[in-house]
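Quick notes on the structure that follows.
The values are calculated or read from the model by the stated rules, or taken from the named source; none is laboratory data. Owing to the predicted nature of the structure, the values given are computational and were not obtained by experimental measurement. Quick reminder, even Gly has a Cβ in these numbers, built from the backbone with ideal geometry, and neighbours come from all protein chains shown.
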């Protein structure tokens, strides 16, 4: 795995970048490299994580400013090449704002910040982000967000459903997300956005290990 490198994008306000690096390197022995958002050179990494946090202080909307960074502009060719991109929490917000994934993440239904462990149903095996044995079964991951309610119109929801693009659903919806959606993929399956934090579920003693498989999938070609 030493020859495979996962790039972790760092924005002003990112606060889960070190967590992702710890999980990948410490739990899975996968090499990581921090990528400052002003860089446009992605040649040295094989997949990319957009981590959680508050990029640019969540001014305007979550991810609305980050979408204009040079790195996100370079990400279009990266995705077209088939390489994998994982957006976690704020990273998911950036992916929707940038048009890599449809829909939007808006304020939680009760306008409160939620920090909890949630039970999730794995809906699809598209992209190989989850174990096939987990499909239609439960996994448990932590969430921590104030604007994590996934929203889309009915036409988009039908497209997501018809094309098997819904990756995860909340078993008990904590934030009012459309159709209980917690994560989605693009049509090719190489881009996954999710509000729960797999990097916080990589050790039995602190959050369980249900996040390991998703992070390990970053090295799948």
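Return yes when residue 41 is modelled with pLDDT of 85 or more, surrounded by fewer than 14 Cβ atoms within 10 Å (Cβ to Cβ) and either within 18 Å of residue 198 (Cα to Cα) or over 15 Å from the mean Cα position of the chain (by Cα) (or both) and no when it is not. In short, yes. Those strands (runs of 3 or more DSSP E) of the range 124-204 in which at least 3 residues are over 24 Å from residue 80 (Cα atoms) and touching a helix residue (DSSP H, G or I) at 6+ places or on another chain (Cβ under 9 Å), considering only elements entirely within it, cover 138-145, 149-151. The sole residue among 101, 95 that is buried (at least 20 other Cβ atoms within 10 Å of the Cβ), in contact with a strand residue (DSSP E or B) (Cβ under 7 Å, 6 or more places away or on another chain) and not in a helix (DSSP H, G or I) is 101.
Taking the numbered list (1) farther than 15 Å from residue 91 by Cα; (2) at pLDDT 95 or above; (3) surrounded by fewer than 22 Cβ atoms within 10 Å (Cβ to Cβ) in turn, residue 24 passes all entries but (3). Within the range 108-123, the set of residues being in a loop (DSSP other than H, G, I, E, B) and within 21 Å of residue 165 (Cβ to Cβ) comprises just one member, 123. Can you find a residue that is surrounded by 23 or more Cβ atoms within 10 Å (Cβ to Cβ) and out of contact with any strand residue (DSSP E or B) (no Cβ under 8 Å at 6 or more places or on another chain) anywhere in the range 171-183? For the range 171-183, residues surrounded by 23 or more Cβ atoms within 10 Å (Cβ to Cβ) and out of contact with any strand residue (DSSP E or B) (no Cβ under 8 Å at 6 or more places or on another chain): absent.
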